[in-house]
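Reading through the structure tokens given below for one structure.
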Amino acid sequence: MVNSSLKEFLLTKGVIEESALEEAYQVALKNGSLLYNELVRLKVMDEKELFKLLADFFKMDYKFAQLSELNFDLIRKFPLDKLDEYKALPLYEDGNTIVFILSNPFRVEEVKEFSKYTSKKIQCALIEQTQMDLLIRYADNKILQATALNDFMSNDSTNDITSTADGQYIVEAPIIKLCDSILRDAVNRGASDIHIEPFEEKVTIRFRIDGKLQIIDEIQQAYYQSILARFKIMAEMNIAERRVPQDGKITLEIGEKKFDFRVSTIPTLFGEKMVIRIYDVTLTSSSLANLGMSDVQEKLVLEMIHRPHGILLLTGPTGSGKSTSLYTFLRYLNNADTNIITVEDPVENQIDGINQVQVNPKANLTFASALRSILRQDPNIIMIGEIRDEETVQIATRAAITGHLVLSTIHANNSCGVVTRLINMGIPQYLVADSLLGVISQRLVRKLCPECKKEHETTKAEMAMLGINKPAKIYEPCGCQACNYTGYSGRTGVFELLVCNPKIRETIMSPNFTSELLEKEANIPSILVHARDRVLNGITSMDEYKEISDYIDTSALEEEVERDQNK
């Protein structure tokens, strides 16, 4: 009955095509499920917009809440097991009312039973399922973390790691819970890295979120050795060694996803600094559109990765999204009639149907030695995590000219600089010209929050920086609940593409070849041009544009603007 009424309600709102709604309705009938759940599962509607309409349908308020808005003093007034069961949380107090958020409108009466724990009136508001799940996980984890820290600090000993006669280590429960909660907290917040940094009187914990480090917590220096030792044990590192850098790996399942945590330590003045990089090994996106390329760039990339042989290289600084792009290409190309083999250090994402090799220098399994063996495995496509030395690049080049598609990354300042780097690494110019399909140079910029970005007209200074001669409407960050008051939500790529056509190949083979000559002959739009378009389209801000322009030569942009004006 509810499904039928909701179906008619959504039809009157005109927010969904009737055929798509009918399909979801029939699936709900067949599965005995709720229509709105099927609409989300089938990705027929945006979940947030759907739940706003659901709130209207059920005569409820809609509330969106971010992690930073949770009131843990208020949450602790109610039984946590019941909050988990009902998927509900008290959000705030308003006079004589406590507002609860929940994602299941059929549990309103159950949530109102919480009135026995308070004299205040219970009022319910609706929030989408995905965000509710995130909030519940975050609340559970933060309460666990606080409990573990209190237990840990109340312990007479500041070292919860003890060794047995046979060399094994015993870890007390509080430190296990505390370290586990730090990892889960980082995942819940969408962090890419965890920095645990010891100073003279305190230890700072920072998360890198959307490319920016944020201080999350501070703990007493006296407790750091126990935390450090616990992470070392989890990552199978030497707990007794504190004088040299170490690397390790932790694998955990969090919220039905599998994560790899790559742990690195280095000695500093007040102890070992630890950085933990987070990899979601269950990412499944294969859409090039998600990378942020323009339509023209996407078309060019598709043409290159569908070539039967040649080498396609990606370049950019650490953390610029090169690995994400490579994995997206691999997922797109992955099918039953193609043999894809990768050699990586480390294997960041596991992909069904692709043979992935983990470099192991201790066993003499290097990029070069792995590549030599891979060439005897009848591959169609080879992905090399990074070209680091002359031997690897020589084998990769030979593979590219003998009938294999090779994808890899290499460090250079820009796409044209990659050609110079290959030549300097000992590859003859004619082989570079013959084997190279193209180069993708990329950076990441933060996307403006769509809920709160504010429109304004470009100033003269902004027009000069963007290279435009007419005022334009652009956007700036403001900050709201939806973006945790940062003004940004997520990141996207900006790209520069060098595609090797006959003119480019002729230039590479020229006796007078230089990177500057190649840039002049290639005449390709730079990353700044793509970033400028992102600003003018309201996707990113001038601040993000300025960060890129700080370390990228602007001459290409100036030439591009001059060409546009001369047309």
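If a residue must be surrounded by fewer than 21 Cβ atoms within 10 Å (Cβ to Cβ) and at negative phi, how many such residues does the stretch 341-356 contain? Before the answer, list the steps.
Taking the stretch 341-356 as the starting set, the residues that turn out to be surrounded by fewer than 21 Cβ atoms within 10 Å (Cβ to Cβ) are 344-348, 350-356.
Adding the requirement that they be at negative phi leaves 344-348, 350-352, 354-356.
Here the count works out to 11.
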Subject >> Single match in SER489, SER510 (criterion: modelled with pLDDT under 90 and either among the polar types (S, T, N, Q) or over 26 Å from SER294 (Cβ atoms) (or both)) >> reply: SER489
Original post:
Are any of the residues in the stretch 269-292 outside any strand (DSSP E or B), open to solvent by less than 50 Å² (accessible area, probe 1.4 Å) and touching a Gly at 6+ places or on another chain (Cβ under 8 Å)?
Top reply: yes
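Applying the selection to the stretch 464-481, what residues are aliphatic (A, V, I, L, M), surrounded by fewer than 16 Cβ atoms within 10 Å (Cβ to Cβ) and at pLDDT 90 or above? It would help to see each step written out before you state the result.
Of the stretch 464-481, the ones aliphatic (A, V, I, L, M) are 464-466, 468, 472, 474.
Retained after the next criterion (residues that are surrounded by fewer than 16 Cβ atoms within 10 Å (Cβ to Cβ)): 464, 472.
If the condition is that a residue be aliphatic (A, V, I, L, M), surrounded by fewer than 16 Cβ atoms within 10 Å (Cβ to Cβ) and at pLDDT 90 or above, then ALA472 is the only one that fits.
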**OP:** Tell me which residues, restricted to the stretch 398-421, are part of a helix (DSSP H, G or I) and open to solvent by less than 10 Å² (accessible area, probe 1.4 Å).
**Re:** ALA399, ALA400, SER415, CYS416, VAL418, VAL419
**OP:** Report, ordered by the first and then the second residue, all pairs with beta carbons closer than 7 Å, sequence separation of six or more or different chains, a first member in the stretch 451-466 that is over 30 Å from GLN66 (Cα atoms) and among the aromatic types (Phe, Trp, Tyr), and a second member that is modelled with pLDDT of 90 or more and open to solvent by 40 Å² or more (accessible area, probe 1.4 Å).
**Re:** none
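Which of the residues spanning the stretch 293-322 are part of a strand (DSSP E or B) and hydrophobic (A, V, I, L, M, F, W, C)?
Pass one, the stretch 293-322, residues part of a strand (DSSP E or B): 310-315.
Matches in the stretch 293-322: ILE311, LEU312, LEU313, LEU314.
Take the residues in the stretch 357-375 that are of a type in the set (Ser, Thr, Tyr) and open to solvent by 30 Å² or more (accessible area, probe 1.4 Å), then tell me which one is farthest from the chain's Cα centre (by Cα).
Start the filter on the stretch 357-375 by keeping residues that are of a type in the set (Ser, Thr, Tyr), which leaves 366, 369, 373.
Then drop every residue that is not open to solvent by 30 Å² or more (accessible area, probe 1.4 Å), which leaves 366, 373.
Numbers: THR366: 27, SER373: 32 Å.
Among those residues, the one meeting the criterion is SER373.
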**OP:** Would you mention how many residues in the stretch 223-244 are closer than 13 Å to ILE175 by Cβ and either open to solvent by 30 Å² or more (accessible area, probe 1.4 Å) or free of Cβ contacts under 8 Å to residues at least 40 places away in the same chain (or both)?
**Re:** 5
Subject >> Condition broken by PRO379, with the remaining ones in (1) assigned to a loop (DSSP other than H, G, I, E, B); (2) more than 24 Å from VAL281 (Cβ to Cβ); (3) open to solvent by less than 10 Å² (accessible area, probe 1.4 Å) satisfied >> reply: (2)
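Quick check on the stretch 171-219: of everything there that is assigned to a helix (DSSP H, G or I), of a type in the set (D, E, K, R) and closer than 19 Å to ALA229 by Cβ, which residue is nearest to the chain's Cα centre (by Cα)? Give the steps one after another, and end with the answer.
The first filter runs over the stretch 171-219 and keeps only residues assigned to a helix (DSSP H, G or I), leaving 173-188.
The next check asks that each one be of a type in the set (D, E, K, R); those that pass are 177, 180, 184-185.
Narrowing the set further to residues that are closer than 19 Å to ALA229 by Cβ leaves 177, 180.
Numbers: LYS177: 26, ASP180: 21 Å.
Top of the filtered list is ASP180.
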Subject >> Pairs where the first residue, in the stretch 190-216, is on the phi < 0 side of the Ramachandran plot and the second is hydrophobic (A, V, I, L, M, F, W, C) and in a loop (DSSP other than H, G, I, E, B), C-beta under 6 Å, 6+ apart >> reply: PRO198/PHE270; PHE199/PHE270; GLU200/PHE270; PHE207/ALA191; ARG208/ALA191; ILE209/ALA191
Original post:
Is there a residue being touching a strand residue (DSSP E or B) at 6+ places or on another chain (Cβ under 8 Å) and crowded, with 18+ Cβ neighbours inside 10 Å anywhere in the stretch 39-51?
Top reply: yes
Original post:
Here are some conditions: (1) assigned to a helix (DSSP H, G or I); (2) among the charged types (D, E, K, R); (3) at pLDDT below 90. LYS503 meets all but one. Which one does it not meet?
Top reply: (3)
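Scan the strands (runs of 3 or more DSSP E) fully inside the stretch 84-130 and keep the ones with 1 or more residues being charged (D, E, K, R) and open to solvent by 60 Å² or more (accessible area, probe 1.4 Å). Give the derivation first.
Details: elements: 88-94, 97-102, 121-126.
It comes to 88-94, 121-126.
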**OP:** Report the residue count in the stretch 56-78 for those that are loosely packed, with under 12 Cβ neighbours inside 10 Å and under 34 Å from the mean Cα position of the chain (by Cα).
**Re:** 3
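Looking only at the stretch 249-268, which residues are at negative phi and either part of a helix (DSSP H, G or I) or out of contact with any Pro (no Cβ under 8 Å at 6 or more places or on another chain) (or both)?
So in the stretch 249-268, the residues at negative phi come out as 249-254, 257-268.
ILE250, THR251, LEU252, GLU253, ILE254, LYS257, LYS258, PHE259, PHE261, VAL263 - these are the residues of the stretch 249-268 that are at negative phi and either part of a helix (DSSP H, G or I) or out of contact with any Pro (no Cβ under 8 Å at 6 or more places or on another chain) (or both).
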Subject >> From the options VAL445, VAL406, VAL393, residue that is in contact (Cβ under 8 Å) with a residue 24 or more places away in the chain and farther than 26 Å from ASP378 by Cβ >> reply: VAL445
**OP:** For LYS447, work out the one condition from (1) open to solvent by less than 40 Å² (accessible area, probe 1.4 Å); (2) assigned to a strand (DSSP E or B); (3) farther than 20 Å from MET304 by Cβ it doesn't fulfil.
**Re:** (1)
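For the stretch 356-376, which positions are closer than 26 Å to ALA412 by Cβ, of a type in the set (S, T, N, Q) and in a loop (DSSP other than H, G, I, E, B)?
Just the residues of the stretch 356-376 that are closer than 26 Å to ALA412 by Cβ, to begin with: 356-359, 361, 366-372, 374-375.
Subsequent filtering for residues that are of a type in the set (S, T, N, Q) retains 356, 358, 366, 369.
Within the stretch 356-376, THR366 is the sole residue that qualifies.
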**OP:** Of the conditions (1) more than 18 Å from GLN131 (Cβ to Cβ); (2) in contact (Cβ under 8 Å) with a residue 24 or more places away in the chain; (3) surrounded by fewer than 16 Cβ atoms within 10 Å (Cβ to Cβ), GLY32 clears all except one; give me its number.
**Re:** (2)
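The values are calculated or read from the model by the stated rules, or taken from the named source; none is laboratory data. Here the structure is a predicted model, which is why all the values come from computation and not from measurement. In this analysis, Cβ positions are derived from the backbone assuming ideal geometry, glycine residues included, and neighbour counts consider all displayed protein chains. With ligands, DNA and RNA removed, areas are computed over all heavy atoms of the protein, side chains included. Shrake-Rupley method; radii C 1.70, N 1.55, O 1.52, S 1.80 Å.
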